[in-house]
Structure formats: structure tokens, C-alpha cells
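Participant: Got a structure for you, written out below as C-alpha cells; questions coming shortly.
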Amino acid sequence: MIDVQQLTHVYPGGKGIFDLDFTVREGEVFGYLGPNGAGKTTTIRNIMGFVNARKGRVTIRGLDCRRDTAAVQKFIGYLPGEIAFFDNMKGLEFLKFVGDMHGMANTRLRDSLIDRFELDASGSIRKMSKGMKQKLGIIAAFMHDPEVYILDEPTGGLDPFMQNVFMDLIRQEKARGKTIMLSSHIFDEVQRSCDRAGIIRDGRLAAIEDVKSLNAMKSREFIVTLATKKDTQNLLASGLETQKLDEKKVLVRVARNFDDFIRTLSAYNLANLDIRQRSLEDIFMNYYGKKGNGHE
Amino acid sequence: MNKTLFFASLKANWKLLLGTFLVLAMYQSVIIGMYDPESVEAMKAMIEAFPEGMMSAFGYDLPANDLTGHMGTYLYGFLMLVFPLMYVVPAGNNLMAKHVDRGSMAYLLGTPNTRIRIARTQAVFFVSSTLLLFFSVVLFGMLMSESLFPGELIYGDYLLLNLVTVAVYMVLCGIAFLASCTFNESRGSIMAGLGIPGAFLIFKMMSAASDQLEGLKYATLFSLIDVPRIFEHSGYALLTSGILIAVSVLLFVLAIRIFNKRGLNI
């Protein structure tokens, strides 16, 4: 469906994207995962036909995204990463405007999305919070019922409840046969919503994986705070993959042996149990055994 | 042309347009109101009382023997040249560069409209709104003249004078639009859109104020609004306007082409 072919786009200063080659298949949810500054938005700008690539190209259904932009936009729903609207407009007025620009006749889907995201679209865009603007952007991308979605960091600014509403929407659209590409710097988000993920670092595609195999590779890290030093010693000797942080704190890495982990812990007095938030770079280190060149 | 976008641009810019019209209408009223057939001599005496260069800089040194001449001197020497910029410069920037700078252009290009169609619509809006501004001001000037000094205004002169002024402004619109289509940031677009007409204005004032700097009149479009030559009815006004409008069309075509070709970081 979306074919990225040897796409190279270099900014003055040397950053950019280099020889990207991947395909988003019809009917799949494709996660485009990478840390900030890796080149996600640059790739999307090329898909949207906003910029001129130095080399390579992107096609959607065989149409060249830079040359046949207007034709491609007929079946694309796009959510920009940075939200900027026409700030002299009210929310609903903006949706009407974008709908008219799309030649959209039916407003039923739009209104149902407004209800679904519980957006009060009557107010001025200028006075909206970041979350409200994000909802407005999502509605604008989905309301004309396109076949392909290009979503740049779609959950930014949404609270956890609204993130779930959004994930439901993604699942529903996938069930309706839509093709979805969403970019994210959050591993769990991609894991929850996508079939496959392309991982980009420093402008190069590091891997394309089925999300299932990413899950298999993924381990969790827990920080266990114990009540006594003796328990600490025992936990370190328990056979789990552990690392001593201090007298009473132990880091435990759990891949698939969650049962063992819980059973072992039940023998001790715990003061606290925390899941350690892991950055994308950590996950990379685990999976690919190589470190990035300097981001974050 | 995209009607939806046209009306959205109208909605975003009508206050600016109306405000500029009110300022120009106010000056039309004041200057026309100041006309007094009895005291043309007194005005001349007053002008002579000021240092020579200073009044010349504003174009207030032409003999004004009738109402049309009076307007040509006091309105089209400075006021009608500078105040339409109040609309043209910000509107030119709003229509293209501001959308690119802020990122809202992504929403325009994310719809099934080609870049050429978007840019052409904005260009049509820009030209037609500027024409509406001048048309309204000219009409207002006529009504004002007829109500205060019935039968005094020489329509042929007045219309030719405005034709050349509008034609100069079409080129200034073209420059502002070209800047707006070329720059990624509002700052660059406004600096070029305001800076070039601003320089034209300063050159005109300097060339009029001092004999040594007279040569600067060749470096400014505003010296084409040459009131005595326009009133000669020699074909100067039509020829000049024709050339200016052709230049303006070229600028707009170039602007749209540049916008179509370039990369937009939105």
C-alpha cells in the first residue's frame, strides 16, 4: 500500500533520513518507532508530499506522493505531529472547513467522533488545551473516512482514558480494513496497537519486526524494595536475574517467568515494588546489543 | 480556485481590510475637506513657509489649482501610497507564509487540492481584496467630493490617477506574495513584503527632498505616480499601468511556481 523506496532526505547540518526502504501492507497497523529526532516526521513529510527528497520516493497505491499529491490525499487521513490550526476559527468551524476542503458531504461520522472523544468543539481553537487540540486533529483526520491513515504521534497530549478511546478507534478502523501507519516514540503504545513495527534510529531503519516477536524479546524490569537486609540476600540468591541496587533495593529483570517472579517474591516482606520505565534506547540495547549515537 | 479557502481567507482578513479602508477614507475626507477654492493661494503661502525639502519629501509642492489637483498633491503624494501597505503587507504574509510558519499549511495540503490550486486561490483573494480596497476608497472619494464640492472633481483625471496607483499596488502585492510563497517564516516574508515598498517610499521622499538625490527617483515605483504627467492624458497612464500589471502577473506566476516546487517543513 505505502511503498517507501530508498528514501533519502538530508537537512543542512547532516541530519535526515537515509535509504529508507519499507512497505506498509494493506490492512495492517504499522508502527513507526523511534526516539525524538530519529527522522519519523521527516519520513511522514515525504509520504505527505510536503518536501522534495534528495533520493528515492514514496508511492501509495502506485501514485507518487510528491507528484500526485492531491490525488493521494483523496484517500489519506493525516494527523500532523505538531498541531497548528487556523486559530481565528472555532473548533467546529475548523472541522467544517477541513470537511469542505475534502469535499465531504456527510457529517455524521464527524459528529459521532466528536461525541466519542467528548470534545466541546464550540469554543475558539486558540483557547483550547493541548489535549483538546489533539482530539480536534484526530477528528479532522478520521472524519472523511479515508482508507489510509498517516498519524504522527497520535496520542500526544491525550490522557490515558482518551488514549484508550483512540486505541479502540484504531482497532475498529483496522477491523474495517483500513491501513494505518502511526509514529511513536513510546514502545508500549506501538506494542498495544500495531501488527508490525519499523524501528528508526539516526535516520536509518534499524529493524522491521512483527510486534509479536518484539513482545517475545521484551523483558520487564522491577525494582523491589525489601523490608530487611536478609530478604535482600535471599532474593539475590533466588536464581532470578537480579542486580543489587543498595542494601534493600534489588532490580529484577523478568522476561517470561512472571510466575516464578511472583512466587519468589511472596516469600519476602516487601516495602515497595516498582516497574522501571525503560527508554527506547534501553530496549534497543537489550534487543540489538548496540547503543545509539547520542540521542537522549 | 477553491471557494472554501477563499471565504476562509476573507474571514481571516476582513477586519484588516476594513480597518485599512477606514484609515484611507478618513484621509480622503480630511484632504477633500481641506480643499478651499478661495484659499489655494493661502495654501501655497503656507507650504512656502516650511523648509523647502521637507514639504517636497511628502509631495506637497505641486501647484494645486482645482480639487483633483489638490487630491493628487495631498493624497497621492504620500498618504495613498503608504497606508494601503497596512493591508497589503500583513495580508500577503497571512495568506501563505504564516500557514507554512505555523504549520497550518499541512491542513490545506492534506486535502485533495494541489499546491497550485491553493496558491492560486490565495493569489486571487489577495488581488481581488486589494482591488476592492481601492475601488471602495475611490468611490468614497467621489462621493465625498460630490457632496462637499459638487461638480468640481474631474473624473477622467481622478480615475487615471487611481489606475496608475492601483497598478503600482498590484506590483507591490506581487512582491509581497512572492515573499510569502518563498520564505518559511513570517519574519522573512514580512521583511521583504514591507522592506521593498518601504525602500521605494524612502527613495521617493529622498529624491523629492534633495536635488543631489534626485536620481533615486529611478529606483522607486512610486515615481511612476507622476501626477502632472498622468493629467496630461498623453497615454502615459495607460501604458504605465499596462506594464505594471504585466509585471505583477509575472510576479504572481513566479510565486505560485516557487511554492509548487519547494519543500515545506510543515
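The values are calculated or read from the model by the stated rules, or taken from the named source; none is laboratory data. Note that the structure is a prediction, hence the values are computed from the model and not measured. Glycine gets a Cβ as well: all are built from the backbone with ideal geometry, and neighbour counts include every protein chain shown. Keep in mind that these areas ignore ligands, DNA and RNA; they rest on the heavy atoms of the full protein, side chains included. Shrake-Rupley method; radii C 1.70, N 1.55, O 1.52, S 1.80 Å.
Participant: Out of all the residues in segment B:175-193, which are surrounded by fewer than 19 Cβ atoms within 10 Å (Cβ to Cβ) and part of a helix (DSSP H, G or I)? Talk me through it step by step, then tell me what you get.
Facilitator: Going residue by residue through segment B:175-193, those that are surrounded by fewer than 19 Cβ atoms within 10 Å (Cβ to Cβ) are B:182, B:184-185, B:187-188, B:191.
Passing the criteria: B:Thr182, B:Arg187, B:Gly188, B:Met191.
Participant: Further question on the same structure: Could you tell me which of the residues B:Leu251, B:Leu264 is within 14 Å of chain A (Cβ to nearest Cβ) and open to solvent by less than 70 Å² (accessible area, probe 1.4 Å)?
Facilitator: Values: B:Leu251 fails: within 14 Å of chain A (Cβ to nearest Cβ).
Every option except B:Leu264 fails the conditions.
Participant: Report, by residue number, each residue of segment A:97-137 that is facing chain B (nearest Cβ under 9 Å) and either in contact with a helix residue (DSSP H, G or I) (Cβ under 6 Å, 6 or more places away or on another chain) or open to solvent by 50 Å² or more (accessible area, probe 1.4 Å) (or both).
Facilitator: Correct list: A:Phe97, A:Val98, A:Asp100, A:Met101, A:Gly103.
Participant: Which of the following residues is in contact with a helix residue (DSSP H, G or I) (Cβ under 7 Å, 6 or more places away or on another chain), over 24 Å from B:Ser29 (Cβ atoms) and modelled with pLDDT of 90 or more: B:Ser145, B:Ser189?
Facilitator: Working: B:Ser145 fails: over 24 Å from B:Ser29 (Cβ atoms).
Answer to the check: B:Ser189.
Participant: Right, another one. Taking A:Ile200, is it outside any loop (DSSP other than H, G, I, E, B), at pLDDT 95 or above and open to solvent by less than 10 Å² (accessible area, probe 1.4 Å)?
Facilitator: Working: outside any loop (DSSP other than H, G, I, E, B): yes; at pLDDT 95 or above: no; open to solvent by less than 10 Å² (accessible area, probe 1.4 Å): yes.
Answer is no for this residue.
For every residue, the table says whether it meets (1) closer than 30 Å to A:Leu7 by Cβ; (2) modelled with pLDDT of 85 or more; (3) more than 31 Å from the chain's Cα centre (by Cα).
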site	(1), (2), (3)
A:Ile208	yes, yes, no
A:Ser213	yes, no, no
A:Phe222	no, yes, no
A:Leu226	no, yes, yes
A:Asp246	no, yes, yes
A:Arg256	no, no, no
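Let's see how each residue does on (1) within 13 Å of chain A (Cβ to nearest Cβ); (2) crowded, with 20+ Cβ neighbours inside 10 Å; (3) at pLDDT below 95:
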residue: B:Asp66; (1), (2), (3): no, no, yes
residue: B:His70; (1), (2), (3): no, yes, yes
residue: B:Tyr74; (1), (2), (3): no, yes, yes
residue: B:Phe78; (1), (2), (3): no, yes, yes
residue: B:Phe83; (1), (2), (3): no, no, no
residue: B:Ala97; (1), (2), (3): no, yes, no
residue: B:Thr121; (1), (2), (3): yes, yes, no
residue: B:Phe126; (1), (2), (3): no, yes, no
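Participant: Does A:Lys55 meet the test of being in contact (Cβ under 8 Å) with a residue 40 or more places away in the chain and either crowded, with 21+ Cβ neighbours inside 10 Å or touching a Leu at 6+ places or on another chain (Cβ under 7 Å) (or both)?
Facilitator: Against the criterion (in contact (Cβ under 8 Å) with a residue 40 or more places away in the chain and either crowded, with 21+ Cβ neighbours inside 10 Å or touching a Leu at 6+ places or on another chain (Cβ under 7 Å) (or both)), A:Lys55 does not qualify.
Participant: Now a separate question. Would you say A:Gln172 is within 19 Å of the chain's Cα centre (by Cα), more than 21 Å from A:Arg276 (Cα to Cα) and not in a strand (DSSP E or B)?
Facilitator: Values: within 19 Å of the chain's Cα centre (by Cα): yes; more than 21 Å from A:Arg276 (Cα to Cα): yes; not in a strand (DSSP E or B): yes.
Judged against the criteria, A:Gln172 is a match.
Participant: Would you confirm whether any residue within segment B:151-171 is open to solvent by 60 Å² or more (accessible area, probe 1.4 Å), touching a helix residue (DSSP H, G or I) at 6+ places or on another chain (Cβ under 7 Å) and in a loop (DSSP other than H, G, I, E, B)? First the steps, then the outcome.
Facilitator: Our first condition is that a residue be open to solvent by 60 Å² or more (accessible area, probe 1.4 Å); within segment B:151-171, this holds for B:151-152, B:154-155, B:159, B:163.
After this cut, where a residue has to be touching a helix residue (DSSP H, G or I) at 6+ places or on another chain (Cβ under 7 Å) as well, the list is B:152, B:154, B:163.
The next check asks that each one be in a loop (DSSP other than H, G, I, E, B); those that pass are B:152, B:154.
Yes, some residue in segment B:151-171 is open to solvent by 60 Å² or more (accessible area, probe 1.4 Å), touching a helix residue (DSSP H, G or I) at 6+ places or on another chain (Cβ under 7 Å) and in a loop (DSSP other than H, G, I, E, B).
Participant: Can you name the residue in segment A:62-74 that is at the interface with chain B (Cβ under 9 Å from one of its Cβ atoms) and open to solvent by 10 Å² or more (accessible area, probe 1.4 Å) and is also nearest to B:Asn13 (Cα to Cα) among such residues?
Facilitator: Within segment A:62-74, the subset at the interface with chain B (Cβ under 9 Å from one of its Cβ atoms) is A:69-74.
If we keep only those that are open to solvent by 10 Å² or more (accessible area, probe 1.4 Å) as well, we get A:69-71, A:74.
Details: A:Thr69: 28, A:Ala70: 26, A:Ala71: 30, A:Lys74: 29 Å.
The qualifying residue nearest to B:Asn13 (Cα to Cα) is A:Ala70.
Participant: When only residues in segment A:237-251 that are in contact with a Lys or Arg (Cβ under 9 Å, 6 or more places away or on another chain) and touching a residue at least 12 places away in the same chain (Cβ under 8 Å) count, which is surrounded by the fewest Cβ atoms within 10 Å (Cβ to Cβ)?
Facilitator: In the first step, residues of segment A:237-251 are kept if they are in contact with a Lys or Arg (Cβ under 9 Å, 6 or more places away or on another chain); the result is A:240-243, A:247-248, A:250-251.
Now restrict to residues that are touching a residue at least 12 places away in the same chain (Cβ under 8 Å): A:240-241, A:247-248, A:250-251.
Details: A:Leu240: 18, A:Glu241: 13, A:Glu247: 11, A:Lys248: 16, A:Val250: 23, A:Leu251: 15.
Applying the filter and picking the extreme gives A:Glu247.
A quick yes/no check of all residues on (1) at positive phi; (2) touching a strand residue (DSSP E or B) at 6+ places or on another chain (Cβ under 9 Å); (3) modelled with pLDDT of 95 or more; (4) of a type in the set (D, E, K, R):
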residue	(1), (2), (3), (4)
A:Tyr11	no, no, no, no
A:Thr23	no, yes, yes, no
A:Phe30	no, yes, yes, no
A:Asn36	no, no, no, no
A:Gly39	yes, yes, no, no
A:Arg54	no, yes, no, yes
A:Arg61	yes, yes, no, yes
A:Arg66	no, yes, no, yes
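Participant: Go over the candidates B:Tyr236, B:Tyr218 one by one and state the one that is under 26 Å from B:Leu67 (Cα atoms) and among the aromatic types (Phe, Trp, Tyr).
Facilitator: On the way: B:Tyr218 fails: under 26 Å from B:Leu67 (Cα atoms).
Being under 26 Å from B:Leu67 (Cα atoms) and among the aromatic types (Phe, Trp, Tyr) holds for just one of B:Tyr236, B:Tyr218, which is B:Tyr236.
Participant: Tell me which of these A:Thr42 doesn't satisfy, since it passes every other one: (1) open to solvent by 40 Å² or more (accessible area, probe 1.4 Å); (2) within 14 Å of chain B (Cβ to nearest Cβ); (3) over 27 Å from A:Leu119 (Cβ atoms).
Facilitator: It fails just one condition, (1).
Participant: Identify the residue in segment A:81-91 that is of a type in the set (A, V, I, L, M) and either closer than 13 Å to A:Ala141 by Cβ or out of contact with any Phe, Trp or Tyr (no Cβ under 7 Å at 6 or more places or on another chain) (or both) and, among all such residues, is farthest from the other protein chains (Cβ to nearest Cβ).
Facilitator: Kept after step one, since they are of a type in the set (A, V, I, L, M), are these residues of segment A:81-91: A:83-84, A:89.
Cutting the leftovers down to either closer than 13 Å to A:Ala141 by Cβ or out of contact with any Phe, Trp or Tyr (no Cβ under 7 Å at 6 or more places or on another chain) (or both) gives us A:83-84.
Numbers: A:Ile83: 8, A:Ala84: 3 Å.
Step by step, filter segment A:81-91, then rank; the result is A:Ile83.
Participant: Does A:Phe94 satisfy the condition of being part of a loop (DSSP other than H, G, I, E, B), touching a residue at least 24 places away in the same chain (Cβ under 8 Å), aromatic (Phe, Trp, Tyr) and within 14 Å of another protein chain (Cβ to nearest Cβ)? Before the answer, list the steps.
Facilitator: Working: part of a loop (DSSP other than H, G, I, E, B): no; touching a residue at least 24 places away in the same chain (Cβ under 8 Å): yes; aromatic (Phe, Trp, Tyr): yes; within 14 Å of another protein chain (Cβ to nearest Cβ): yes.
No.
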